[in-house]
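The values are calculated or read from the model by the stated rules, or taken from the named source; none is laboratory data. Just so we're clear, the structure is a prediction, and the values are computed from it rather than from any experiment. Please note: Cβ atoms are built from the backbone with ideal geometry, for glycine as well, and neighbour counts cover all protein chains shown. All accessible areas refer to the heavy atoms of the entire protein, side chains included, with ligands and DNA or RNA removed. Shrake-Rupley method; radii C 1.70, N 1.55, O 1.52, S 1.80 Å.
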Amino acid sequence: VKISILRLTNTSARERTLGLTAYAEWTLGAQRAQTRHNVRTWFADDVGALLAQNRFEAGFADRVAFLTLSEPVRSFTASRAAFIGRNGSLAYPLAFRRPAMDGETGVGLDPCAALQCAVTLAPGETREVAVLLGSGATEADAYRLLDELRTVEHASAALSAARRAWDDRLSVVTVRTPEPALDAMLNKWTLYQALSGRMWA
């Protein structure tokens, strides 16, 4: 699960309501052009998540991907064409010019996951919103992950645990040189990249 925590602060002297949109494009295979017509999407009201599955990808046919927010979802779509609009772009999609998205899900779409919520902040108020993008080994596993991580508190705790785990792994080897930038690269980034991007990937 990729966990993002967005912190919003109202620095004005009046109440503000902000629209927040989370967006991802589903590939669920090697190449989007080959898999996009095989991806099935659906919205789970009980957890406020858009889910996706590609049964035609042999190695991952049982996996279920998801996108969700810690805030109640106001509108959604799983159609990239409906989100962006004709001749539109991701810089300013059609979805931003309409009061709500179309709620379309299913098969045969150019699949994406787009969720919108509204966040109202009093003057001086700060709130956090968690965005979860991930997948479970099965549909039941995806629901388990959503149940475990959907709140800001649980998502933040999982991020802290991940940071501690990486600090423990990467502290086994420590290099000290006269150059702090080289130390940071050798002690953190290079080890992390070698393990996550080469060995685990």
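The figures follow:
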item	result
Filtered residues of region 136-157 (kept if part of a helix (DSSP H, G or I) and more than 24 Å from Glu25 (Cβ to Cβ))	Ala140, Arg144, Asp147, Glu148, Val152, Glu153, His154, Ser156, Ala157
Test for Ser12: is it small (Gly, Ala, Ser), at pLDDT 95 or above, loosely packed, with under 13 Cβ neighbours inside 10 Å and under 22 Å from Phe96 (Cβ atoms)	yes
When residues of region 68-92 are limited to those that are modelled with pLDDT of 95 or more and charged (D, E, K, R), the one nearest to Asp45 (Cα to Cα)	Arg74
Enumeration of residues in region 157-201 that are farther than 30 Å from Val129 by Cβ, basic (Lys, Arg) and at pLDDT 90 or above	Arg176
Qualifying residues in region 170-192 (those that are of a type outside the set (A, V, I, L, M) and surrounded by 13 or more Cβ atoms within 10 Å (Cβ to Cβ)) - the one nearest to the chain's Cα centre (by Cα)	Tyr192
Selected residue (only one of Thr68, Thr27 is assigned to a strand (DSSP E or B) and in contact with a helix residue (DSSP H, G or I) (Cβ under 9 Å, 6 or more places away or on another chain))	Thr68
Residue in region 120-135 that is surrounded by 14 or more Cβ atoms within 10 Å (Cβ to Cβ), among the basic types (Lys, Arg) and under 26 Å from Ala24 (Cα atoms) present	yes
Looking only at region 172-201, and only at residues there that are without any contact (Cβ under 8 Å) to a residue 12 or more places away in the chain and assigned to a loop (DSSP other than H, G, I, E, B), the one that is nearest to Val1 (Cα to Cα)	Ala201
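Residue-by-condition table, conditions (1) surrounded by fewer than 18 Cβ atoms within 10 Å (Cβ to Cβ); (2) modelled with pLDDT under 95; (3) part of a loop (DSSP other than H, G, I, E, B):
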residue	(1), (2), (3)
Ile5	yes, no, no
Thr17	yes, no, no
Ala22	no, no, no
Phe43	no, no, no
Asp46	yes, yes, yes
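Matching residues to (1) in a loop (DSSP other than H, G, I, E, B); (2) under 20 Å from the mean Cα position of the chain (by Cα); (3) more than 26 Å from His154 (Cα to Cα); (4) touching a residue at least 40 places away in the same chain (Cβ under 8 Å):
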| site | (1), (2), (3), (4) |
| --- | --- |
| Leu8 | no, yes, no, yes |
| Ser12 | yes, no, yes, yes |
| Gln34 | no, no, yes, no |
| His37 | no, no, yes, yes |
| Leu51 | no, yes, no, yes |
| Phe56 | yes, no, yes, no |
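Every residue, every condition in (1) outside any helix (DSSP H, G or I); (2) touching a Ser or Thr at 6+ places or on another chain (Cβ under 9 Å); (3) open to solvent by less than 30 Å² (accessible area, probe 1.4 Å), yes or no:
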| residue | (1), (2), (3) |
| --- | --- |
| Val73 | yes, no, no |
| Phe76 | yes, yes, no |
| Ala81 | no, no, no |
| Arg86 | yes, no, no |
| Phe96 | no, yes, no |
| Pro99 | yes, yes, no |
| Gly108 | yes, no, no |
| Gln116 | yes, yes, yes |
